[in-house]
Structures are given as structure tokens and as C-alpha cells.
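Report on the following structure.
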Amino acid sequence: MRCVSRLLLGTCLLVLGPAVQGAPSPGQCPSLCHCHGDLQHVICDSVGLKRIPRVSEATRLLNLQRNSLGAIPTGAFSDSKGLVSLHMQHCQLREIGSNAFKGLKKLVYLYLSNNQISSIKPGAFEDLAQLTYLHLDGNQIAELSKGIFSPMINLFVLQLDNNKLRELRPGTFAGARDLRWLHLSGNELSTLQPGSLDEVENLAVLHLDGNRMSSYPAAAMSKLRVVEELTLGGNPMRTVPDNAFQSFGRYVEKLHLDSMGLEKFSDGAFTGVTAVKSLHLDNNKLRSLPKSLEFTTITNLTLSNNPWSCTCQLAPLRRWMDSSRTRPDAMCASPPAQKGKQVRDSPAFSGCRVKAKKAKKGSRH
């Protein structure tokens, strides 16, 4: 797999510094660092650097994580044109300036996780046409300017978890048409504006859990075609509308809709969803499930901590439980005679099954 093979090249790191050390003599490892493979790997992890060291064009991996670098000055990597993997995690970086990575035309991996980055200047990612994996999680980013990722025509994975993003606007991902994994968990997103995901319609993995969206972003999601995994858990949504997942319903296999305070699904919420295998609905306020939810392909279903109403409306769920190898916890809250019973054990559905069989039998005549 593309992700795995490339990730074998290195581990995460963060770089930003107020100054740059002079270039080492040919064949010399930078002071305080240790080097491998004729300077192809330069490791400066946790060595107390205050400045970004110069490395030769032969260097492929530069590990600078856990140093106090603060910023990335212009020209910091002008002698490092052969870099493929750059690690700058935990470097107390505060800003990514314009042309911060100028000259790194071969860079594939850029790790900037767990810094204090609050500002990314226009042109910050200039020259990064080969960049495939960008990790910006664990920072203080509140806003992304239009087209900030546009130089990254090969971007495949973008990690923006645990920042302070409040909204996504149209044009944010312009140019990044190859993006497949977008991680936005643990931000402060209250809305995804219509059109904000139009440029990344080929997303396969979209993580939006742990944000502040009170309504399902139907307009923003409508252009997505091949989402296989969607996480929305922890957003305070009371309802999910009709056709919510329809545009990618043939592909979606994992849906995380847990811990949201969900009270109901519209009857057509799952219209077009034909491939879902894992569905997580635990820790909500659901009493019933919509008619559009098909259980045929589901192999992993979580339902606990919901006030289920054990009436015939839940009969399809009970029939699935009876035929499934796994019988998830789901407690009846009503009617009073069934309160406290597990859905899988409740006798409330016996009449529903008889009625279904009679109706089927009658249809033969």
C-alpha cells in the first residue's frame, strides 16, 4: 500500500528555528547530531538545538524533533534539496512563514505535529509538489487561507486533528485533488460551508469527530463520492436528515455516529447506503431506527446507552440480532413491561415476526 511503503522511510518530527547553523564540511555530520548511511539519515532528536542545522544534498531524512527551534527562517533548507522526509514535531514552532520549505521539491513526508503553530502564511508550502503526507495535528491553527495547500498536487494524507479550526470555507483545499485521508477530529468546527469539500471529492477517509457541529453538513458533503469511513461522533447533532450519506452510500463501510445526543434519524437518512459494515450508534438518545437502514451487510454494530423503544419498529433490528453472530447490548427503556430487558432477549417482538410471516404468506396468493 502506498501509505505504508512510504511511511517506512521515517518517523515524525517538527522544525522551525530563528537561525540556521552553517553548512557542515562535505562528509561531516552536523554538530550534536548523529548520521547514518553516508549522511542520508541525519538524526538530531532531543539534542538541545536552537537553530536548524545545514545538511548536504545527499541527506534524505532529517529528524529535528524535540528541539526548541521556534521558527523556520527563509532559506533554512536551501542546501537540503534531496530531503524526502522532514521531522519537526515538538519543536515549539509558532508560525510557518512564506517559502519556509523553499527548494524541497523532493519532500514526501513533513511532520509538524505537536507544536504551537497558530499561523500559516500564504506561500508557506511553495515547492512541495511531491509532498504526500502532511502532519499538522496538535497545534493552534484557527484558520486556513484559500488555496494554502494548492502546491501539494500529490497530497494524500492531511492530519489536522486537535487544532482550533472553527469553519471550513470554499477553496481551502483547492489544488489538493488527490487527497484521500482528511483528519479534522478535535477542532472547534461549527460548520462546513457549502463547497468547502468540492475540491476533494475523492476522499476515502473523513474524520470530523469531536467538533461542534449541531447540524449535519449536507451541502458540504454532497459532492463526496467514495467515502469509505466517516466519523462524526461527539458532535452535538440531534437529527440526521434524509439522504445524508447517499452520494457515497455505495462505498461507505464505517460510520461512527456515537456520543452525539442523537434523538432520531429521518426515515430516509440511510437511503443509498448499501455497503456499511461497522455502524456505531452508542451513547445517544435514540428510541428507534429508520426504515432506510438495511442490516444486510452489517457485521459490527454498537447500540448501548440509548433509550430503545421495544416495539415492532425495532423488529428488523431484532431479526438481525437473531441471525447474527454478534448480539450487541441494547437496553429497552419502553414500553414499561420491557424496561430493563435487552432487545435481544425481549419477548416484545414475537408478534411482529408472526405478522411479517403472515404478510409474506398472503402475498403468494
Options VAL42, VAL55; residue that is in a loop (DSSP other than H, G, I, E, B), modelled with pLDDT of 90 or more, under 26 Å from ARG94 (Cα atoms) and in contact with a strand residue (DSSP E or B) (Cβ under 9 Å, 6 or more places away or on another chain): VAL55
Within region 32-64, can you find the residues that are under 15 Å from GLY103 (Cβ atoms) and among the β-branched types (Val, Ile, Thr)? ILE52, VAL55, THR59
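Yes/no matrix, rows are residues, columns are (1) crowded, with 19+ Cβ neighbours inside 10 Å; (2) farther than 15 Å from PRO73 by Cα:
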| position | (1), (2) |
| --- | --- |
| GLU95 | no, no |
| LYS105 | no, yes |
| TYR111 | yes, yes |
| ASN115 | yes, yes |
| ILE120 | yes, no |
| ALA124 | yes, no |
| LEU128 | yes, yes |
Subset of region 279-319 [more than 30 Å from the chain's Cα centre (by Cα) and over 18 Å from LYS264 (Cα atoms)]: ARG318, ARG319
Looking at (1) in contact with a Lys or Arg (Cβ under 8 Å, 6 or more places away or on another chain); (2) under 19 Å from GLY97 (Cα atoms); (3) buried (at least 18 other Cβ atoms within 10 Å of the Cβ); (4) modelled with pLDDT under 95, find the lone condition where ASN67 falls short. (4)
Go through the residues of region 287-302 one by one and say whether even a single one is farther than 22 Å from CYS352 by Cα, surrounded by fewer than 16 Cβ atoms within 10 Å (Cβ to Cβ) and basic (Lys, Arg). no
Scanning region 243-260 for residues that are of a type outside the set (A, V, I, L, M, F, W, C) and in contact with a strand residue (DSSP E or B) (Cβ under 6 Å, 6 or more places away or on another chain), which turns out nearest to ALA218 (Cα to Cα)? HIS256
Mind telling me which of the residues GLY138, GLY147 ends up being more than 20 Å from LEU69 (Cβ to Cβ) and surrounded by fewer than 23 Cβ atoms within 10 Å (Cβ to Cβ)? GLY147
Kindly indicate whether VAL226 is surrounded by fewer than 16 Cβ atoms within 10 Å (Cβ to Cβ) and either touching a Phe, Trp or Tyr at 6+ places or on another chain (Cβ under 9 Å) or of a type outside the set (A, V, I, L, M) (or both). yes
Which of the residues belonging to region 232-252 are within 20 Å of PRO290 (Cβ to Cβ) and either within 15 Å of the chain's Cα centre (by Cα) or modelled with pLDDT under 95 (or both)? LEU232, GLY233, ASN235, VAL252
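The values are calculated or read from the model by the stated rules, or taken from the named source; none is laboratory data. Small disclaimer: the values here were computed from a predicted structure and weren't measured. Note that each Cβ is placed from the backbone with ideal geometry, even for glycine, and that neighbours are counted across all protein chains shown.
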